[in-house]
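Reading through the structure tokens given below for one structure.
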Protein chains: 2
Amino acid sequence: MSTPAPRRGRPGYDLESLLTIAVKVFNERGYEATSMEELSRKLGITKSAIYHHVSSKDELLRLAMDRALDGLFTVAEEAMALDGRAIHRLEHLVRGSVAVLADRLPFVTLLLRVRGNTKVERAALARRKEFDRLVTDLVKQAEAEGDVRPDVDPAVTARLLFGLVNSLIEWYRPRGGTNPATLANAVCTIAFDGLRTS
Amino acid sequence: MSTPAPRRGRPGYDLESLLTIAVKVFNERGYEATSMEELSRKLGITKSAIYHHVSSKDELLRLAMDRALDGLFTVAEEAMALDGRAIHRLEHLVRGSVAVLADRLPFVTLLLRVRGNTKVERAALARRKEFDRLVTDLVKQAEAEGDVRPDVDPAVTARLLFGLVNSLIEWYRPRGGTNPATLANAVCTIAFDGLRTS
């Protein structure tokens, strides 16, 4: 044979599969507690094979969090482009965010757990804040249009709404669980119409 | 003076204040990442002074999580003792849980972050599961009584409801923020009646 077989049957990684496994390890062990040394052991490849794809552990974290943030901002842009009432844009945003969360669960989980200890984490937190502002603005608009109840502060409503969406990372497991569309319906039904029969 | 002054102005600790500070450190640095050595440095007392109150780091964790769990189960017992419809018991439980969360925020935060790595953590997770079952049963009862919408699975409704409550740990800060009663009203209004004006 002219080319050596991959070590112990483990294939080489492209950036995509490297990222997927790194995020899994970060979520299990914590980003800070995971060294590149341990990551290379988990992957069964050398550190230099990792550095072929990324310049640092920080870059892995940035790429992973961007995967979540880019998904959320794509949904936000779609929502903002919709005509009609703000409450429909808000509902589109919630529904789409649940879909992103279900589709990119480990990436969103990582994003929601960072605390701002590094420059990369602070940049991600700044994008999260931008997203939150966008939600609050939509809630305010929908309230001004008379579609959202005025007896709860819009900032509190926005936080509760995405608190509800984000809480899915604690229990939702796509495999074998509720399908994402059913889940998005459940979230929207409870958040917009309440669980009480009217 | 006949008695030595406390070291650098730090007073001795009773179990209560020891627990309060330990929980703060666990939440900031992670329970596993915190050694008794570091804890004693943070407290400005010797390790043996800590061991005067507790036998191990695990016992500190257990006491801290019990503080949260005991509060939640007290509320659950109160709710269960109420006459009338299940939806009122459920609303009492949500309102009371928000109050416990606001009052014992660091303890509940610690509880919600444990992953079951030790016997003490698994015991706490088992009590959390018992609490969750209780919520799901109430939702089912309320649905059977026609007060909760039947178009969302009761287990999903229960998870979303307490997902919403638990998400408060991510942003709610009692000092200078919304007061706990207003917060509990906002949570109940959105969860039970929805944010849409009907």
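The values are calculated or read from the model by the stated rules, or taken from the named source; none is laboratory data. Nothing here was measured: the structure is a model prediction, and the numbers come from that model. Cβ: placed from backbone, ideal geometry, glycine included. Neighbour counts: every protein chain shown. SASA here: full protein model, heavy atoms, side chains in, ligands and nucleic acids out. Shrake-Rupley method; radii C 1.70, N 1.55, O 1.52, S 1.80 Å.
What to note about this one:
- Those residues of region A:94-130 which are acidic (Asp, Glu) and open to solvent by 70 Å² or more (accessible area, probe 1.4 Å), in sequence order: A:103, A:130
- Among residues of region A:171-182 that are without any contact (Cβ under 8 Å) to a residue 24 or more places away in the chain, those with a beta-carbon under 6 Å from a residue that is outside any loop (DSSP other than H, G, I, E, B) at least six positions away or on a different chain give the pairs A:171/B:159.
- Residue in region B:108-116 that is within 12 Å of chain A (Cβ to nearest Cβ), in contact (Cβ under 8 Å) with a residue 40 or more places away in the chain and not in a loop (DSSP other than H, G, I, E, B) present: yes
- Region A:85-118, residues that are at pLDDT below 95 and farther than 17 Å from residue B:171 by Cβ: A:117, A:118
- Residues of region B:131-150 satisfying the condition of being open to solvent by 10 Å² or more (accessible area, probe 1.4 Å) and facing chain A (nearest Cβ under 7 Å): B:146, B:147, B:149
- Selected residue [closer than 30 Å to residue A:146 by Cβ, at pLDDT 95 or above and open to solvent by less than 70 Å² (accessible area, probe 1.4 Å)] from A:79, A:68, A:64: A:79
- Restricted to region B:166-176, and to residues there that are in a loop (DSSP other than H, G, I, E, B) and open to solvent by 40 Å² or more (accessible area, probe 1.4 Å), the residue that is nearest to residue A:173 (Cα to Cα) is B:171.
- In region B:186-198, residue surrounded by the fewest Cβ atoms within 10 Å (Cβ to Cβ) [restricted to those that are of a type outside the set (A, V, I, L, M) and without any contact (Cβ under 8 Å) to a residue 60 or more places away in the chain]: B:198
- Members of region A:151-165 found to be open to solvent by less than 60 Å² (accessible area, probe 1.4 Å) and either more than 7 Å from chain B (Cβ to nearest Cβ) or under 23 Å from residue B:149 (Cβ atoms) (or both), listed by number: A:152, A:154, A:155, A:157, A:158, A:160, A:161, A:162, A:163, A:164, A:165
- Residue match in region A:175-185 (condition: out of contact with any strand residue (DSSP E or B) (no Cβ under 9 Å at 6 or more places or on another chain) and under 17 Å from residue A:134 (Cα atoms)): no
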